[in-house]
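Remarks on the structure that follows.
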Amino acid sequence: MSEQQITPQEVIIGILRNYIGEDIDAEKVTLEANLEDLGIDSMDVVEIIFDLEETFDIDVPNPGDVEGGNIKFNTAQDVINIVKTLIDQK
Amino acid sequence: MRIVITGMGAVSSLGYDVDSFIEGIYAGKSGFRAIQQIPEVEQLRVQIAAEVPDYDETEHFNKKQLALYDRFTQFQLLSAREAVADAKLEFTGLLAERTSVVMGSGIGGQTTQEQNYKRIYHDKAKRLPPLTVPKLIPNAAASHVTMEFGIKGPSFTIASACASSAHSMAQACMMLRTGLVDVALTGGSEACITYGTVKGWEALRVVSNSTCRPFSKDRSGMILGEGSGTIILETLEHARSRGAKIYAEVLGFGMSADAGNIVQPSSDGAVRAMQAALKDAQLNPEDIHYINAHGTGTPQNDPSETAAIRAVFASHADKLAVSSTKSMHGHALGAAAALETIAVVSALERQVAPPTMNFTEADPKCDLDYVPNKARPMEIEVALNNSFAFGGLNAVLAFKRFRD
């Protein structure tokens, strides 16, 4: 499969899988799974944000800098939503 | 309060453990080779260094660790692992809080620093990896040692260029003497054979591009090295209480500042550091048999150090064996004194003085017995380890063969 055929969602799931705890099965990374439950800590999230920015050429704002809204990184779906929004805003 | 050495670990251009380091220095091996880790090496005037040979970080650390560990932290962890296993220590219960980690580094995470400067200034990258700062801070190595072994006592990093690990060992001794801790992991690490750093050293014109010939008339400078040494210091009481193997005793230390020039060494500062070490260790000059010299092989250091040794030891200077093992393992900067302490300990244990290699011709300004080119069996009861750093900051430690 060439890279063009991989959806952003699959790419994001792939990135998240790089940061899950050593004892966690990669199949557990589903859209609904809580990142903390996957062994992803706050420092991992910072690294994940860097990977997302580099991969999708986006700038993820700091949560405190976003007016009225909270950027949540609780689940894989949260991450996908944020990335999609930022890609659309480009 | 008597302080003893109960564990050692080494990573150097001579190999990955204490045995290869010691075997190397007694065999007169050279750790100098063409620089491997700098892709732009062709653009350097200095293309030789004392690199840790064939280093593959993935053999020692997993992906997650490598995202966090600069090369200097990796070396420090490797030497600490060897030393802790050697000392058979486990930092459980109260001992965790009664153990200190004091490590030296001249620069810290230089590889990380340079890679990331290149990224933003040269490659115009928009952002840097999030772990850039925690990876490059000079205390990263000491911090990761505390984390790997669960050591919870007072811990920090000391930077005094080429004397960093000597000052660290002295500081660790002070904490042991005051009763603050029972055990200290000390020493240092350096890994700055990078394009920018070598360029900087080139500009200073103190680095040789052939070999390091300390005290020899045709010496042409130092050879940059890298690596790490960990020395485990312990109060004699604590070491005895757990039946530890004891390698040697640390009798004392002396420190001084030249208050002179940022690069030119002064004999006066070196004299005061050696005298302070003798006084602290309650030794007379005649008690010393061997000195592991700072001996960088630069035109400036060697005559200055020779004059300082003559001033301190007077007529006894002619009876001393003085050698520079930097002629084999290179100048490992912030790790130098830790590695050279291992050389001193082995000299005390084996009763053999390590050689000064690559010595070809006597210099009238360097007129001591430098143990040229061949290790020498001799009586060695007490030895000094000299470190005289850029910035004129000096530290000398005195070690004694251990007897019950």
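Before moving on, here are some points about what is shown:
- Residues of the stretch B:341-370 satisfying the condition of being in a helix (DSSP H, G or I) and free of Cβ contacts under 8 Å to residues at least 60 places away in the same chain: B:347
- The requirement of being in a helix (DSSP H, G or I) and more than 19 Å from the chain's Cα centre (by Cα) is not satisfied by residue B:264.
- Residue within the stretch B:80-97 that is within 14 Å of chain A (Cβ to nearest Cβ) and more than 26 Å from residue B:224 (Cβ to Cβ) present: no
- In the set (1) touching a residue at least 24 places away in the same chain (Cβ under 8 Å); (2) part of a helix (DSSP H, G or I); (3) within 14 Å of another protein chain (Cβ to nearest Cβ), residue B:66 fails one condition alone, (1).
- Subset tally (residues that are closer than 18 Å to residue B:37 by Cα and hydrophobic (A, V, I, L, M, F, W, C)) for the stretch B:68-83: 2
- Pick from the stretch B:328-371, criterion in contact with a helix residue (DSSP H, G or I) (Cβ under 9 Å, 6 or more places away or on another chain) and polar (S, T, N, Q), ranking: surrounded by the fewest Cβ atoms within 10 Å (Cβ to Cβ): B:346
- All positions within the stretch B:1-58 that are of a type in the set (Asp, Glu) and surrounded by 17 or more Cβ atoms within 10 Å (Cβ to Cβ): B:17, B:51
- Within the stretch A:25-57, the set of residues being outside any helix (DSSP H, G or I), within 14 Å of another protein chain (Cβ to nearest Cβ) and farther than 18 Å from residue B:67 by Cβ comprises just one member, A:57.
- Residues that are in a loop (DSSP other than H, G, I, E, B) and of a type outside the set (A, V, I, L, M, F, W, C), drawn from the stretch B:371-404: B:373, B:374, B:379, B:381, B:391, B:392, B:403, B:404
- Of B:120, B:137, all but one fail to be within 14 Å of chain A (Cβ to nearest Cβ), without any contact (Cβ under 8 Å) to a residue 40 or more places away in the chain and surrounded by fewer than 22 Cβ atoms within 10 Å (Cβ to Cβ); the exception is B:120.
- Exclusive hit being charged (D, E, K, R), under 17 Å from the mean Cα position of the chain (by Cα) and not assigned by TED's automatic domain parsing to the domain that holds residue B:339, set B:82, B:114: B:82
- Residue within the stretch B:240-248 that is touching a Phe, Trp or Tyr at 6+ places or on another chain (Cβ under 6 Å), farther than 19 Å from residue B:159 by Cβ and in a loop (DSSP other than H, G, I, E, B) present: yes
- Looking only at the stretch B:102-117, and only at residues there that are touching a Ser or Thr at 6+ places or on another chain (Cβ under 6 Å), more than 14 Å from chain A (Cβ to nearest Cβ) and not small (Gly, Ala, Ser), the one that is surrounded by the fewest Cβ atoms within 10 Å (Cβ to Cβ): B:114
- Odd one out for residue B:147, checked against (1) part of a helix (DSSP H, G or I); (2) farther than 24 Å from residue B:98 by Cβ; (3) within 14 Å of chain A (Cβ to nearest Cβ): (2)
The values are calculated or read from the model by the stated rules, or taken from the named source; none is laboratory data. Nothing here was measured: the structure is a model prediction, and the numbers come from that model. Glycine also receives a Cβ, built like all others from the backbone with ideal geometry; neighbour counts cover every protein chain displayed.
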